[in-house]
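Chemist: One structure coming up, written as structure tokens, with questions to follow.
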Amino acid sequence: MHRGKGMKFVGDSRVVAPSQRKPNIPKDYSEYPGKTEAFWPNFLLKEWMVGAVFLVGFLCLTVAHPAPLERIADPTDTGYIPLPDWYFLFLYQLLKYSYASGPYTVIGALIIPGLTFGGLLLAPFIDLGPERRPLKRPIATSIMLLALAATVFLTWQSVATHDWKKAEEQGKIVAKVNIDKASEGYKVFKEQGCINCHGDSLQGGAGAPTLIGTGLKADQIAKIAKNGQGKMPAGIFKGDDKQLKALTDFIAGLGTK
């Protein structure tokens, strides 16, 4: 058999000749509305850069303004009023209303939030209309505006009605002290019922201030014990002068470590 005999050469049109090759130009997305560049790497790189800037800014903010700390949690302090973070304030305020608290707590804690967030999850499956402009979707737009207005109002109402001064006092970190619970002054403190409001370690609670490091002298404390002050009414102390002196000397002598 002779070389090349019976062989035919067919050109492949899919192979571009070197002289006809074009440079690596990104695809033209002008025919697709809203898509003017390739997702990878152009668009995704921009998203990463914006995300990195916000992340660095957030880290700088946390370093410059660290989260405020309060005193160690005391489960026996029934007077402490907790306050959630700002993004849960609207739910916190909702539970203050009569129809969503007390015997109706299930409504405020489960049913109302469940219907709201459940509606958001099911919205893509319920609203199947072709229109995406808000004015062409009056029902969906009205519900969203109503939910947004309710969230803003409840958040504002929670901030406006909260007793911030009391919250600052009840959450204040109190220095530890050495309390001699075998002393005569502590026995009087316990016998006169002061422990019910001021706590067994005089840390305060139930609306009563702490008695540690008050800076008051014994005679000033005795005056308050007899005449009352603030929410403390007069006549609480029922002991004699000897007991009063033991109590006031004990409180006035409390010093921090």
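Chemist: Exactly one condition in (1) surrounded by fewer than 18 Cβ atoms within 10 Å (Cβ to Cβ); (2) of a type in the set (G, A, S); (3) in contact with an Asp or Glu (Cβ under 8 Å, 6 or more places away or on another chain) is not met by G185; state its number.
Modeler: Every listed condition holds for G185 apart from (1).
Chemist: If I ask for residues that are within 28 Å of G204 (Cα to Cα) and either touching a His at 6+ places or on another chain (Cβ under 6 Å) or free of Cβ contacts under 8 Å to residues at least 24 places away in the same chain (or both), which ones from segment 77-95 would you list? Step through it out loud before you land on a result.
Modeler: So the first thing to find is which residues in segment 77-95 are within 28 Å of G204 (Cα to Cα), and the list is 77-86, 88-89, 92-93, 95.
P82, P84, D85, F88, L95 - these are the residues of segment 77-95 that are within 28 Å of G204 (Cα to Cα) and either touching a His at 6+ places or on another chain (Cβ under 6 Å) or free of Cβ contacts under 8 Å to residues at least 24 places away in the same chain (or both).
Chemist: Sticking with this one: So, in segment 114-164, of the ones that are without any contact (Cβ under 8 Å) to a residue 12 or more places away in the chain and touching a helix residue (DSSP H, G or I) at 6+ places or on another chain (Cβ under 6 Å), which residue ends up nearest to Y87 (Cα to Cα)?
Modeler: So, considering only residues that are without any contact (Cβ under 8 Å) to a residue 12 or more places away in the chain and touching a helix residue (DSSP H, G or I) at 6+ places or on another chain (Cβ under 6 Å), the one nearest to Y87 (Cα to Cα) is T141.
Chemist: If I go through segment 44-98 residue by residue, how many of them are within 26 Å of A160 (Cβ to Cβ) and either surrounded by fewer than 10 Cβ atoms within 10 Å (Cβ to Cβ) or not aromatic (F, W, Y) (or both)?
Modeler: Number satisfying all stated conditions: 23.
Chemist: Do you know which of the residues in segment 231-257 that are farther than 18 Å from Q192 by Cα and in contact with a Gly (Cβ under 9 Å, 6 or more places away or on another chain) is surrounded by the most Cβ atoms within 10 Å (Cβ to Cβ)?
Modeler: L254
Okay, residues lined up against (1) over 16 Å from T248 (Cα atoms); (2) part of a helix (DSSP H, G or I):
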position: D180; (1), (2): no, no
position: F189; (1), (2): no, yes
position: C197; (1), (2): yes, yes
position: T210; (1), (2): no, no
position: G213; (1), (2): no, no
position: D219; (1), (2): no, yes
position: A222; (1), (2): no, yes
position: A225; (1), (2): no, yes
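Chemist: Here's something else I'd like to know. Name the single residue that is surrounded by the most Cβ atoms within 10 Å (Cβ to Cβ) among those in segment 135-155 being in contact with a Leu (Cβ under 9 Å, 6 or more places away or on another chain) and not aliphatic (A, V, I, L, M).
Modeler: T155
Chemist: Please identify the pairs in which a residue from segment 227-247 that is under 13 Å from K187 (Cα atoms) has its Cβ atom under 9 Å from the Cβ atom of a residue that is surrounded by fewer than 14 Cβ atoms within 10 Å (Cβ to Cβ) and not polar (S, T, N, Q), counting only partners at least 6 apart or on another chain.
Modeler: Once the first residue is under 13 Å from K187 (Cα atoms) and sits in segment 227-247, its partners that are surrounded by fewer than 14 Cβ atoms within 10 Å (Cβ to Cβ) and not polar (S, T, N, Q) give G239/E191; Q243/E191; L244/K226.
Chemist: For segment 232-254, give me each residue that is assigned to a helix (DSSP H, G or I) and touching a Leu at 6+ places or on another chain (Cβ under 8 Å).
Modeler: I251, A252, listed by residue number.
Chemist: Which condition breaks for K172 when tested against (1) in a helix (DSSP H, G or I); (2) surrounded by fewer than 17 Cβ atoms within 10 Å (Cβ to Cβ); (3) touching a residue at least 60 places away in the same chain (Cβ under 8 Å)?
Modeler: It is condition (1) that K172 fails.
Chemist: Another question, if that's okay. Which of (1) out of contact with any strand residue (DSSP E or B) (no Cβ under 8 Å at 6 or more places or on another chain); (2) modelled with pLDDT of 85 or more does D180 not meet, given it meets every other one?
Modeler: (2)
Chemist: Quick check on K22: is it modelled with pLDDT of 60 or more and surrounded by 10 or more Cβ atoms within 10 Å (Cβ to Cβ)? Walk me through how you get there before you give the answer.
Modeler: Values: modelled with pLDDT of 60 or more: yes; surrounded by 10 or more Cβ atoms within 10 Å (Cβ to Cβ): no.
No, not satisfied.
The values are calculated or read from the model by the stated rules, or taken from the named source; none is laboratory data. Bear in mind that the values here come from a model prediction, so they are computed numbers and not experimental data. We place every Cβ from the backbone using ideal geometry, glycine too, and count neighbours over all the protein chains shown.
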